[in-house]
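Reading through the structure tokens given below for one structure.
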Amino acid sequence: MREEEVEVAIKVVVVGNGAVGKSSMIQRYCKGIFTRDYKKTIGVDFLERQIEIDGEEVRLMLWDTAGQEEFDAITKAYYRGAQACVLTFSTLDRESFEAIESWKKKVEDEVGEIVMVLVQNKIDLIDDAVVHTSEAEELAKKLKLRFYPTSVKENLNVEEVFRYLATKYLERL
Ligand code: GDP
């Protein structure tokens with residue numbers, strides 16, 4: 001049994017190819033904002049937000065790669081101690097979808113099996129989709145992951161992604 005009143009903190013890493021919307025997702029979830037400007041957060045390791053799950057206070061620390069993914073040089077510090085992971089790809093970027101399994105492996109090689117979720121972002125641009133939701137659902141089934149289509153822009157399913165991770169994490173404690 002866990003003690004009452006003890007705050008649970010979860011380190012969440014948001015991974016995926018560049019420009020799929022990782023920084024935007026973190027900003028949206030932690031600050032409630034969305035910006036069209038492609039600007040990288042520099043010097044910030046993570047943003048955080050506290051939520052309540054079944055009466056339990058949970059602090060989510062969302063780590064941003066700050067653009068390092070493009071150089072395949074994400075430091076070990078980024079992954080260290082991660083307890084949950086968002087595997088992200090974009091509706092408009094086929095390569096980002098095909099990279100999901102290698103992102104999953106990269107995370108698992110560093111920190112072992114942790115709670116993960118598959119996210120298809122930019123679902124608001126579904127009319128221009130190069131990856132269909134049915135393909136993502138198939139991949140999720142194969143990898144035994146929960147799948148969420150999201151729009152960070154329209155604030156669709158973003159809350160649900162992190163609530164799911166936190167709930168799953170608590171179940172494992
Ligand atoms: P990162 O490199 O994965 O961190 O991606 P960014 O968060 O920098 O986002 C890349 C671009 O996609 C930015 O111009 C964002 O404004 C845009 N973007 C992010 N999420 C969405 C979304 O859900 N819908 C649309 N239309 N654009 C998005």
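The values are calculated or read from the model by the stated rules, or taken from the named source; none is laboratory data. Since this is a predicted model, take the numbers as computed values, not measurements. A quick note on method: Cβ atoms are made from the backbone with ideal geometry, for glycine too, and the neighbour counts reach across all protein chains shown. Surface accessibility is based on the protein's heavy atoms, side chains included, excluding ligands, DNA and RNA. Shrake-Rupley method; radii C 1.70, N 1.55, O 1.52, S 1.80 Å.
Has the stretch 7-17 got at least one residue that is open to solvent by 90 Å² or more (accessible area, probe 1.4 Å), more than 21 Å from Phe89 (Cβ to Cβ) and at pLDDT below 95?
In the first step, residues of the stretch 7-17 are kept if they are open to solvent by 90 Å² or more (accessible area, probe 1.4 Å); the result is none.
No, there is no match, as no residue in the stretch 7-17 is open to solvent by 90 Å² or more (accessible area, probe 1.4 Å), more than 21 Å from Phe89 (Cβ to Cβ) and at pLDDT below 95.
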Pairs please, first residue from the stretch 115-139 and free of Cβ contacts under 8 Å to residues at least 24 places away in the same chain and of a type outside the set (Val, Ile, Thr), second anywhere and part of a strand (DSSP E or B) and open to solvent by 10 Å² or more (accessible area, probe 1.4 Å), Cβ atoms under 8 Å, 6+ apart in sequence or on different chains. Glu137/Phe147
Any idea which of (1) over 19 Å from Gly81 (Cα atoms); (2) modelled with pLDDT under 95; (3) within 12 Å of the ligand (Cβ to nearest atom); (4) open to solvent by less than 40 Å² (accessible area, probe 1.4 Å) is the one Cys30 doesn't satisfy? (3)
Pairs please, first residue from the stretch 17-34 and farther than 14 Å from Lys153 by Cβ, second anywhere and more than 6 Å from the ligand (Cβ to nearest atom) and part of a helix (DSSP H, G or I), Cβ atoms under 6 Å, 6+ apart in sequence or on different chains. Asn17/Ser96; Gly18/Glu69; Gly18/Glu70
